[in-house]
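Okay, structure first, notes after.
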Amino acid sequence: MQWKPSIFMPRWASRILLEITDVRVERLHDISEQDAEAEGVECIEVETGRMDANSCVETIGSYIASYAELWDKLNKGEHSWTANPLVWVIEFKVI
């Protein structure tokens, strides 16, 4: 049998079926902590700029900071995190 790319496989042969529930455009910086976590990044500690009672800089866990770091690694130049480009947001559910 000749090999065919998976894009031409019949639906019954698929391992997962997704239903798109929402499509929208938004600015990259509008991502929420929950959305950044759903992208699969790990939470990292970031400084809040405030000092605690022991004169140490407070830190908080942030999925957005981790996502921003990954974004900059993957998207160099004009599409970097600081450019805050428009992005497509596609939400889906597994059927």
How far apart, in nanometres, would the label points at Glu42 and Ser6 be if each is projected 7 angstrom from Cα along the Cα-to-Cβ direction? 2.6 nm
Just to be sure I understand the model, the point goes 7 Å from the Cα along the line to the Cβ. What's the resulting Asn84 to Asp72 distance in nm? 1.6 nm
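Values in this text are rule-based calculations from the coordinates and carry no lab data. In this text, all values refer to a predicted model and were calculated from it rather than measured experimentally. So basically every Cβ, Gly included, is an ideal-geometry build from the backbone, and we count neighbours across all protein chains shown.
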